[in-house]
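A quick write-up on the structure given underneath.
Values in this text are rule-based calculations from the coordinates and carry no lab data. As the structure is a computational prediction, the values presented were derived from the model and not from experiment. With ideal geometry, Cβ positions are generated from the backbone for all residues, glycine too; neighbour counts draw on all protein chains shown.
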Amino acid sequence: MEAPPRPILVALGSEARSLRLIQAGFRLARERSAPWIAVHVDTGPGAAVEDAEQVQVWMQEALQMGASVQMVAAPTLAQGLSELTRTSHAQALVLGRSRDRWPWARLGHSTADELQRRGLEAELVVLDDRPEVAEPGAEGLQFRALLGTLLVLAACTGLAWLIPREGDPSQVLLVNLLGVTFIAHRWGSGLGLLASAMSVLLYNFLLETPRFRSVSAHWPNLLMFLLVLLAAQAVVGLLHRMRQQAREVQRRELHTASLYLLGRDLARSLTPEGVAETTARHIQRVFRGQAWLLFPDGAGWRVRPAPSPLALLPSPGELLPQLAAGGRVGDPLEPLVIGEATWLSLTGTNGSEGVLRILTANEGGLPSQTWELLKAFAVQIALALERLRWLEEARRTQVENETERLRSTLLGAIGHDLRTPLAAIHGAASSLLLPGTIAEATRTDLLTMIQEESERLAHLLGNLLDLTRLESGAIQVQKEWQPLEEVIGSALGRMERRQGHLPVRVDLTETCSLVPLDAALIEQVLVNLITNAQRHAPGQEMDLRAWDEPGWVHLEVADRGPGIPAEFQDRVFDKFFRLPGAGEGGVGLGLAICRAIVQAHGGTIHLQERPGGGSCFRFALPLDGTPPAPPEGAESLTPGGIR
Amino acid sequence: MNQPLILIIEDEEALRRFLIPTLSGQRYQVLSAATATEGLAMARSHNPDLVLLDLGLPDRDGMDVLKELRSWSRKPVVILSARNQERDKVQALDQGADDYLAKPFGAAELLARIRVALRHTLPTEVTEPVVCGGGLRIDLAQREVSLEGRIVKLTALEYRLLEALVRRNGKVATHRQLLAEVWGPGGEGNTHYLRIYMAMLRKKLEVDPTRPRHFITEPNVGYRLSLEALGD
């Protein structure tokens with residue numbers, strides 16, 4: 001049986017770099033599929049309370065990333081770590097090394113060196129603080145700095161020469177202090193050190209009378225100059241720290257501002273494409289690089305904003321494991337640099353939302369000191385993508401619920417309305433088939449019923465099909481300019497051929513001639529409205545009117561029936577809505593179809609109470625586009641010449 | 001006298017069961033086929049006087065069958081179309097089908113369409129110059145139209161449109177066909193011309209233009225001139 005993998009130890013202190021140690025430990029453990037242990041060595045009293053609290057924070061973080069934690073007490077860090085490594089049979093030990101120690105501490109006295117001397121069996125992984133990035137053109141500056149130092153020293157000596165001294169070096173000291181401080185501040189502490197030593201010698205050899213005497217003759221002065229050196233060092237140190245702090249504040253401010261701007265724009269992006277564009281714009285502004293969002297799509301990528309100029313992308317299967325970060329927001333997501341491209345996993349609350357790819361002009365991707373901000377960007381982008389995904393999911397769920405609700409209403413309504421005519425047809429047909437004779441009148445009656453009920457069934461199914469196709473967009477409205485009269489005539493003609501004369505008064509104003517509409521569909525609207533009026537006001541006269549106003553044509557079907565109670569007026573156009581107490585007949589689809597058709601034309605439909613009793617269905621169709629030129633020789637069709 | 005032979009090409013058995021006895025009862029000879037291949041073979045061997053063709057056949061597109069039929073036969077073809085085949089229906093009419101019946105249809109409607117389809121389309125050279133019915137009288141030789149005994153004056157284009165409808169002898173004419181016949185090639189896009197002239201014809205030749213009896217609109221398909229008795 002295979003032995004379980006040996007654990008990886010990560011030594012944590014209270015310093016900020018512990019986060020990087022945690023990330024490194026997590027990554028290493030993941031690579032080697034080994035457990036990992038976060039260790040803090042307590043080297044006895046003396047540690048500040050805040051430090052202990054910070055250690056707790058890091059330990060918590062490590063715990064969340066899947067580490068087990070351990071605290072040990074030992075006189076020195078090295079001793080504690082070496083003992084623990086031995087007892088836990090660790091395969092590797094990750095620890096940090098800071099730079100802000102005294103230089104001599106780095107020569108053989110660091111914990112790492114100490115551990116090596118103790119003959120550790122485990123592999124030692126030492127994380128240096130990130131190297132300070134050299135100022136651009138640092139080599140060119142070296143010579144100029146040296147020259148500048150000499151010039152400043154010469155100037156100081158010259159100035160000191162002019163000051164009456166009479167054996168008292170204090171004024172000269174002040175001048176030299178100023179010079180050395182300036183040099184150290186401007187060109188760094190190395191040259192400052194050199195300058196202070198040189199100013200001592202210069203004073204001794206040039207200014208002190210008698211000149212060119214040996215140093216030993218000026219012991220007291222020499223002591224003074226040593227003080228100058230120390231004072232200059234102290235001032236320079238303070239200045240340096242202040243400057244660093246100011247820079248840090250500036251950097252933080254910049255980060256905050258960039259993040260704020262990005263977050264604001266991301267919140268306004270409503271699609272993944274929008275997020276990608278926002279990302280690209282902000283990364284261009286802040287990091288001076290082109291950015292793309294990549295979403296795994298089978299064996300390839302969906303790239304936004306499209307298209308990526310470099311088609312040669314590593315496949316998701318190849319890249320994702322390399323980028324593999326933790327499973328949650330804020331889990332380690334160190335960028336991966338391949339050639340000129342920097343890659344980052346966009347990790348949301350539950351898993352990767354995609355990959356960010358940044359292309360910069362220089363080889364080696366984005367410089368590592370920008371990574372912190374870049375990672376913050378990645379988290380924001382991931383959250384934005386995740387938000388969109390959730391929105392989409394919520395919307396889909398809503399649609400599904402709506403569909404489900406409709407389906408159940410539909411089944412309920414249809415169940416009844418299909419069964420009734422079917423039962424009648426079935427019953428009538430079976431009695432016709434009974435042996436024996438049936439009276440001729442009964443026979444005709446039954447056959448008429450079969451015909452009527454099957455027509456009703458066909459009508460119901462036709463309506464359902466129409467509504468479904470209208471709502472799913474399967475029916476395209478084919479608008480053509482045509483006389484309203486033709487549609488009205490077609491609707492009335494169709495109904496009258498079937499059921500004889502209808503008591504409909506038609507009133508068209510003189511002005512409306514051509515209207516853009518789909519004749520078959522608008523005819524359906526009119527037939528449904530007239531049928532509806534017939535059903536609620538049987539045998540009574542109804543009015544069909546049409547008139548126009550700029551941009552719109554209005555049509556209205558008005559009856560003198562009982563009207564529709566105010567509380568139902570909003571709902572009459574809903575699918576399967578039937579007035580309570582309404583008799584047999586419709587299934588509540590006719591008006592829903594009317595609304596769907598009118599809306600597909602870009603128009604509106606509503607119900608009004610008719611003055612003097614009855615209800616009045618009114619719909620308006622837009623007169624959009626320019627009407628076609630009338631044919632030549634159509635002089636008899638002056639505007640409104642329809643009647 | 002020999003009875004017209006009708007070939008039914010329809011895949012739904014229920015519909016065949018309704019069509020065959022209905023037509024046989026009207027003293028037509030009836031043949032039926034359930035697939036396009038079978039139907040085309042029967043059409044070749046029996047040369048029927050009329051074909052009832054369903055557009056939704058299982059083995060081949062109904063439009064193909066129509067084209068093949070039309071490649072060698074001028075005999076009338078009546079299309080049986082389902083509700084969601086509006087576009088195919090118009091295309092079939094433009095491709096040379098004589099008329100259509102939208103499912104579901106009743107026996108009376110079916111027999112009326114078959115009667116109309118079996119009538120010959122009037123040839124351009126006038127043989128039977130006077131057509132009348134429902135109060136309308138159209139004399140193709142004299143180019144004279146009268147309504148209830150009064151002579152009605154028509155413009156040249158109005159008359160050409162009326163004549164195009166009359167020649168179809170009760171069968172449907174698509175917008176395209178009418179535009180091509182009245183306005184000549186290139187007029188196909190101007191459907192609104194047709195509608196305006198139709199409105200003018202109705203104004204002159206219908207008692208109530210909002211309740212047309214003769215100039216019947218087939219929505220999104222075309223027009224049909226019906227000269228049969230009122231209340232048809």
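Listed values, structure above:
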| item | result |
| --- | --- |
| Least to most buried among B:Lys153, B:Lys75, A:Lys375 (fewest other Cβ within 10 Å first) | B:Lys153, A:Lys375, B:Lys75 |
| Pairwise FRET efficiency - A:Ala439 versus A:Ala299, Cβ, R0 = 56 Å, nearest 0.05 | 0.15 |
| Cα gyration tensor category, rounded, prolate or oblate, for the range B:5-119 with a/c compared to 1.5 | rounded |
| Dipole of the protein assembly as shown, positive direction: furthest Cα of B:Leu80, A:Trp390, A:Gln478, with charges on the beta-carbon | A:Trp390 |
| Three-way shape call for the range A:470-522 based on the alpha-carbon gyration tensor, with the a/c threshold at 1.5 | oblate |
| Stretch gain in nm, segment A:Arg396-A:Arg6, where the contour uses 0.36 nm per residue and the Cα spacing is subtracted | 135.6 nm |
| For the range A:8-127, with +1 on Lys and Arg beta carbons and -1 on Asp and Glu, the positive-most of A:Leu9, A:Gln60, A:Val125 along the dipole | A:Val125 |
| Peptides A:426-436, B:141-151, B:164-174, A:151-161 ordered by average Cβ neighbours within 10 Å, highest first | B:164-174, A:151-161, B:141-151, A:426-436 |
| Fully extended contour minus Cα-Cα distance, from A:Ala52 to A:Thr626, at 0.36 nm per residue | 198.6 nm |
| Pairwise centroid distance, computed over Cα atoms, of the range A:384-417 with the range B:159-173, Å | 51 Å |
| When each of B:Lys89/B:Lys204; B:Lys171/B:Lys204; B:Lys75/B:Lys171; A:Lys479/B:Lys153 is checked by Cα-Cα distance, pairs over 25 Å | B:Lys89/B:Lys204; A:Lys479/B:Lys153 |
| Euclidean distance between Cα centres, the range A:468-490 to the range B:86-118, Å | 21 Å |
| Which of A:Cys594, A:Cys616 has the fewest Cβ neighbours within 10 Å, and the rest in rising order | A:Cys616, A:Cys594 |
| Rg ratio (alpha-carbon, reference 2.2 N^0.38 Å) - the protein assembly as shown | 1.65 |
| Calculated FRET value between A:Gln599 and B:Asn190, using beta carbons and R₀ = 41 Å, to 0.05 | 0.90 |
| Three-way shape label, the range A:8-127, alpha-carbon gyration tensor, a/c 1.5 | rounded |
| Expected 222 nm ellipticity per residue - DSSP helices of 4 or more, -39500 (n - 2.57), all of chain B, to 500 | -12000 deg cm²/dmol |
| Ranked list, fewest to most other Cβ atoms within 10 Å of each Cβ, for A:Leu502, A:Leu529 | A:Leu502, A:Leu529 |
| Relative contact order for chain B, counting Cα pairs under 8 Å that sit 6 or more residues apart, in percent | 13 percent |
| Length released on extending from A:Arg618 to A:Leu465, taking residue separation times 0.36 nm less the Cα-Cα span | 52.6 nm |
| Cα-based convex hull volume of chain B per residue, rounded to whole Å³ | 140 Å³ |
| Inter-site label distance for B:Thr35 and A:Ser454 at 7 Å from Cα along Cβ, in nm | 2.8 nm |
| Cβ-placed point charges (K, R +1; D, E -1), dipole of the range B:130-230 about Cα centre in debye, nearest 20 | 80 debye |
| Per-pair calculated FRET efficiency, R0 = 41 Å: A:Leu151 and A:Glu248 via Cβ, rounded to 0.05 | 0.80 |
| Cβ-based charge dipole, the protein assembly as shown, positive-most Cα from A:Ile37, A:Gly348, A:Val286 | A:Val286 |
| The range B:138-232: relative contact order as a whole-number percent, Cα under 8 Å and 6+ apart | 27 percent |
| Only Lys, Arg (+1) and Asp, Glu (-1) charged, at Cβ; the protein assembly as shown dipole about Cα centre in debye | 1200 debye |
